[in-house]
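S.K.: Sharing a structure with you now.
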Amino acid sequence: MLFYFYPFLILIPPYALVALLWLILRNKLTERKWFPALNQPKITYFYLIGFLLTGFFFKLDYSLQQGCFVRHESVFSSENIFFFTIALTLLTIGILVRSKKIAATFLIIELIFWLYKLFLIKGGYAIGVAGAPNPFVLFYDILVLMLRIELIKQILCLKFRKLYVLGISFLIMLIKFYILCFLEL
C-alpha cells in the first residue's frame, strides 16, 4: 500500500522547501522596492536562463543517471548542447516577441519540449541501490518547471495565485513519478 504513496512522499520535502522559501520571500521582501520587479516576465526569464545555465554546466537539465550504473557524459556533449540550445532559443524568442499570443505560443512549445524531455529522455529519478531520485535533479526540475509556468502566466496576464503554479508543477511531477514507478513493475 505504501508503494502507491511513494511518489507523493518523495515530492513533499522539495515542494515544502520551495513553499517555505516563497513564503519567506513574500513576507520579508514585500516592503522592498525591488520586490515587485520579481513579478515581471523579463525578470522571471532571467531567473530561468540562470537556472538553465546552471543545469547545463552541472548536468542537471540533461541527466542520464539511471539505476545502479551512473553514466557521466561530458558537459559539452552534443545532446546537452542540443537540448540547451533549443530551450534557450525558444525562451528567448518567446520573451523578445512583442505579440503576447506569439510569445505565449513559443513558451508553451518550449514547455511541451521540456516535458517531453522530462518524461521520456531524462534520467536521475531512479538511481543507486534504493532507486531514489537524485535530490539535485529533482529540486532543479521543480524550480525550472515552476519558473516556466510562471513565465507563461505572466506573459498571458493570467490572474491566478502562485499557489496554483506550485500545484500545477506538483501534479506534473507526481505524474512523472507515477509513470516511472509503474513502468518499473
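S.K.: List every residue pair whose Cβ atoms lie under 9 Å apart, where the two residues are 6 or more positions apart in sequence or sit on different chains, the first residue falls within region 101-120 and is in contact (Cβ under 8 Å) with a residue 40 or more places away in the chain, and the second residue, located anywhere, is of a type in the set (Phe, Trp, Tyr) and buried (at least 16 other Cβ atoms within 10 Å of the Cβ).
M.R.: What qualifies is 117/62; 117/83.
S.K.: Name every residue in region 159-179 that is of a type in the set (Gly, Ala, Ser) and either without any contact (Cβ under 8 Å) to a residue 12 or more places away in the chain or surrounded by fewer than 14 Cβ atoms within 10 Å (Cβ to Cβ) (or both), in order of residue number.
M.R.: Within region 159-179, 167 is the sole residue that qualifies.
S.K.: Among residues belonging to region 56-66 that are modelled with pLDDT under 90 and crowded, with 19+ Cβ neighbours inside 10 Å, point out the one that is farthest from residue 91 (Cα to Cα).
M.R.: 65
S.K.: Looking for something part of a helix (DSSP H, G or I), at pLDDT below 90, in contact with a Phe, Trp or Tyr (Cβ under 7 Å, 6 or more places away or on another chain) and surrounded by fewer than 16 Cβ atoms within 10 Å (Cβ to Cβ) - is there at least one such residue anywhere in region 29-37?
M.R.: yes
The values are calculated or read from the model by the stated rules, or taken from the named source; none is laboratory data. Just so it is clear, the structure is predicted and the values come from calculations on it, not from any experiment. Virtual Cβ from ideal backbone geometry, glycine too; neighbours counted across all protein chains shown.
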